[in-house]
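Step one of this worksheet: look at the structure below.
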């Protein structure tokens, strides 16, 4: 560690220790207010769009050229589903939702079934690695939403944050320190 780095860390620690308790608690409450506002906006969007996940990020190139990796997708309620719709579905045994196009619908006595395929994939999802072994349809309750719009590449930040934990820690620490020290710097 360089002497300048050690001095800047000591200076930062000194600034944090010098903060009055009342001011510190006020700034922490401000951070919590921002976080709770973000949560309320998310829940409001979920109610408005009638889907549990109103916004998702494309994680692969399977839907190219319609969508690229890192595009932010805006979802709505998937009722009704038509052939050609692009839907997001989450299979219980898989941790990550999938964005693919509906290529076939099937109805049985109890519920609707959907067959999907990525536009950039050579075969439907039964022949790929998307559906678990033995599964040949996506059930209606597994469809999270239907794509209504997208913002190109806006989701790349979330991909980087999840791929590089150091970025995530750096962002969180930076935001917290920025909130704590913002008032002291202005005085």
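Against the main long axis of the alpha-carbon atoms of the chain, helix 3-18 sits at an angle near 90°. One decimal place: the segment residue 81-residue 164 gains 26.3 nm when fully extended, by the rule 0.36 nm per residue minus the C-alpha distance.
Placing a label point 7 Å from the Cα of residue 171 along the Cα-to-Cβ direction, the residues of the range 49-92 with a backbone N closer than 16 Å are 55-59, 70-73. For the chain, the longest principal axis of the alpha carbon atoms and the long axis of helix 21-49 meet at an angle near 10°.
Ranked by the mean number of other Cβ atoms within 10 Å per residue, highest first, peptides 67-73, 25-31 order as 67-73, 25-31. Once Kirkwood radius over Cα pairs in Å is calculated for the structure shown, the corresponding label among (i) 19.7; (ii) 17.8; (iii) 17.2 turns out to be (i). Relative to the longest principal axis of the Cα atoms of the chain, the long axis of helix 165-186 lies at roughly 40 degrees.
The label point for residue 34 and the one for residue 141, both projected 7 Å from the Cα toward the Cβ, are 4.0 nm apart.
Bear in mind these aren't lab numbers, they're just calculated from the coordinates by the rules spelled out. This is a predicted model, so every value here is computed, not measured. We place every Cβ from the backbone using ideal geometry, glycine too, and count neighbours over all the protein chains shown.
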